[in-house]
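One structure is given below, encoded as structure tokens.
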Amino acid sequence: MKKIILTGDRPTGRLHIGHYVGSLKNRVEIQNKGQCDEMYIMIADAQALTDNADNPEKIRENIMEVALDYLSVGLDPSRVTIFIQSHVSALTELTFYYSNLVTVSRLQRNPTVKNEIKLRNFEANIPVGFFTYPISQAADITAFKANIVPVGEDQLPMIEQAREIVHAFNRVYKKDVLVKPEAVLPETEAALRLPGTDGNAKMSKSLGNCIYLADPKEEVERKIMGMYTDPDHIHVSDPGKVENNTVFTYLDAFSTEKDFQKFLPEYKNLDELKNHYRRGGVGDVKIKKFLLNIMEEILTPIRERRKYYEARIDEVYSILEEGSKHASEVANKTLQEVKEAMKINYFEDRELLETYRQKYAGNKEEN
Ligand code: TRP
């Protein structure tokens with residue numbers, strides 16, 4: 001079976017290293033190793049508008065930021081299709097048809113939506129578009145017949161709901177038109193839920209606790225040097241805790257044995273460093289500097305590519321436009337198949353015209 005990947009991000013802000021280690025890195029690896037037949041990366045602006053209806057500017061600005069982030073991590077538009085959700089109109093049509101196959105109570109049970117409603121204080125005033133975005137997400141995925149959807153843990157209920165919609169559609173319309181997607185999560189626990197630099201479980205712009213892919217070196221250094229460690233680890237000689245020590249959580253997510261050879265050769269791997277830290281004798285500045293070196297190793301080429309594309313904004317614009325065109329063609333094809341299965345493809349279905357002809361053939365014109 002063909003391997004088709006679709007994934008995307010809401011353009012509500014710049015992408016940060018949490019996005020990188022949790023998803024972007026993996027996309028680039030799949031691309032470079034040729035591990036899939038088609039890959040679609042969607043800038044989910046329509047979904048972002050479901051809870052930002054009054055702030056379209058924010059979404060518009062961030063479309064370019066996210067596009068630049070994609071290109072700077074090394075996603076290659078000649079190998080992957082990068083597109084803008086709102087410019088693939090088949091997605092909204094599919095959403096409308098799928099919504100007949102989903103009940104309100106099923107949407108109410110979606111834990112991610114539930115949680116987001118609470119976070120946004122929407123309880124009494126949930127926008128319908130927001131409430132139904134899992135259906136639109138099912139359209140995003142199925143329009144491309146994607147069977148693999150790399151996402152974070154919070155998106156599992158969306159994929160589950162998409163699978164149910166596929167199942168219902170194929171059953172009701174008696175045709176295997178849609179493909180059931182599989183979610184793929186990041187491999188390491190730390191990469192799954194990277195905390196903010198202040199140790200807060202959530203990374204957010206307002207908390208100022210994220211390292212952005214576009215941050216200059218001084219900014220990264222400032223954030224890492226100010227990172228939360230073990231508050232009881234005061235003197236270098238004190239024993240330290242590595243659990244809930246943000247620097248170690250980051251090292252769990254980012255460090256490799258190669259990094260040890262290159263930047264900290266007195267230890268073979270993270271376990272050795274952790275053991276020494278626990279016993280006492282390792283200073284926080286040392287582990288922070290190590291993390292900074294690793295971060296810079298990752299971020300330097302990303303920054304360089306960003307500069308390249310920032311100097312060629314017209315090119316980025318055409319990448320998005322071409323990508324959206326290509327995505328539309330693919331999605332339109334699925335929409336056609338969907339309409340055919342639902343028998344609402346009136347003008348393409350000659351048989352249907354023939355049925356009508358015969359049905360009314362007996363009725364003679366009066367003259
Ligand atoms: N909901 C995803 C997020 O918040 C973005 C998204 C929209 C998505 N449609 C998708 C992800 C389809 C995977 C597949 O990050």
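Computed from the coordinates by the stated procedures, all read-outs in this text should not be read as laboratory data. Bear in mind the structure is a predicted one, so any value in this text is a computation, not a measurement. In this analysis, Cβ positions are derived from the backbone assuming ideal geometry, glycine residues included, and neighbour counts consider all displayed protein chains.
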Next item on the list: Please work out the Cα center distance from the stretch 314-367 to the stretch 1-66, rounded to the nearest Å.
Entry: 29
Margin query: Tell me which of Asn110, Pro77, Ile5 sits at the most positive position along the dipole axis of the chain, charges placed on C-beta atoms (Lys, Arg +1; Asp, Glu -1).
Written below: Asn110
Item checked: Given charges at Cβ of Lys, Arg, Asp, Glu: the chain dipole, positive-most of Ala138, Phe260, Ala124 -> Ala138
Margin query: Given an 8 Å cut-off on Cα distances and at least 6 residues of separation, report the relative contact order of the chain as a percent.
Written below: 21
Next item on the list: Scan the chain and hand back the longest stretch that contains none of the chymotrypsin sites (Phe, Trp or Tyr not before Pro) lying in DSSP loops with at most 15 other Cβ atoms within 10 Å.
Entry: 123-345
Check: Counting Lys and Arg as +1 and Asp and Glu as -1, what is the net charge of the other residues whose Cβ lies under 11 Å from the Cβ of Phe260?
Finding: -2
Checklist line | Phi-based couplings in Hz for the stretch 15-30 (Karplus 6.51, -1.76, 1.60; Gly and Pro marked x) | finding: 7, 10, 5, x, 4, 4, 6, x, 7, 4, 4, 5, 4, 5, 5, 4
Note to self: Please compute one quarter of the surface area of the Cα convex hull for the chain and express it in square nanometres.
What the structure shows: 24.4
Check: Using alpha carbon coordinates only, what is the Rg to Rh ratio of the stretch 1-74, with Rh defined as the Kirkwood radius?
Finding: 1.02
Check: For the stretch 46-62, what does the Karplus curve 6.51 cos²θ - 1.76 cosθ + 1.60, with θ = phi - 60°, yield as ³J(HN,Hα) per residue in whole Hz, taken in order and with x for Gly and Pro?
Finding: 5, 5, 4, 6, 5, 10, 9, 4, 8, 9, x, 4, 4, 5, 4, 4, 7
Check: Using Cα pairs under 8 angstrom and six or more residues apart, how large is the relative contact order of the stretch 192-257, in percent?
Finding: 31
Notebook entry, point to check: R0 = 51 Å: FRET efficiency of Thr355 with Lys205, Cβ-based, nearest 0.05?
Noted result: 0.30
Note to self: Which of Glu272, Glu61, Glu164 ends up with the largest GNM mean-square fluctuation for the chain, with Cα atoms connected below 10 Å?
What the structure shows: Glu272
Next item on the list: Largest first and in whole Å, give the semi-axes of the stretch 109-162's equivalent ellipsoid, each being the square root of 5 times a Cα gyration tensor eigenvalue.
Entry: 22, 12, 7
Item checked: Size of electric dipole in the chain: Cβ of Lys, Arg +1 and of Asp, Glu -1, about Cα centre, debye, nearest 20 -> 560
Margin query: Using only the Cα atoms of the stretch 217-309, what semi-axes does the equivalent ellipsoid have when each is the square root of 5 times a gyration tensor eigenvalue? Give whole Å, largest first.
Written below: 25, 15, 10
Notebook entry, point to check: What aspartates and glutamates sit close enough to Lys223 to cross-link, taking a C-alpha to C-alpha distance under 15 Å and skipping anything fewer than 8 places away on the same chain?
Noted result: Asp198, Asp215, Asp284, Glu296
Notebook entry, point to check: Once amide H atoms are placed 1.01 Å from N in the peptide plane, what residues at a sequence separation of 5 or more from His16, or on another chain, have their amide H within under 5 Å of its amide H?
Noted result: Leu213
Notebook entry, point to check: Contour minus end-to-end for Lys58 and Glu243, with contour as 0.36 nm per residue of separation and end-to-end as the Cα-Cα distance?
Noted result: 62.9 nm
Notebook entry, point to check: Rounded to the nearest 20 Debye, what is the dipole magnitude of the stretch 217-309 about its Cα centre when Lys and Arg each give +1 and Asp and Glu each give -1 at the C-beta?
Noted result: 340
Check: What value, in deg cm²/dmol to 500, does the helix sum -39500 (n - 2.57) over DSSP H runs of n ≥ 4 give at 222 nm once divided by the residues of the chain?
Finding: -16000 deg cm²/dmol
Next item on the list: Please give the helix 270-279 orientation as an angle from the longest Cα principal axis of the chain, in degrees from 0 to 90, rounded to the nearest 10.
Entry: 50
Note to self: So for the stretch 217-309, averaging the separation of alpha carbon pairs under 8 Å that are six or more residues apart and normalising by length, what relative contact order in percent results?
What the structure shows: 33
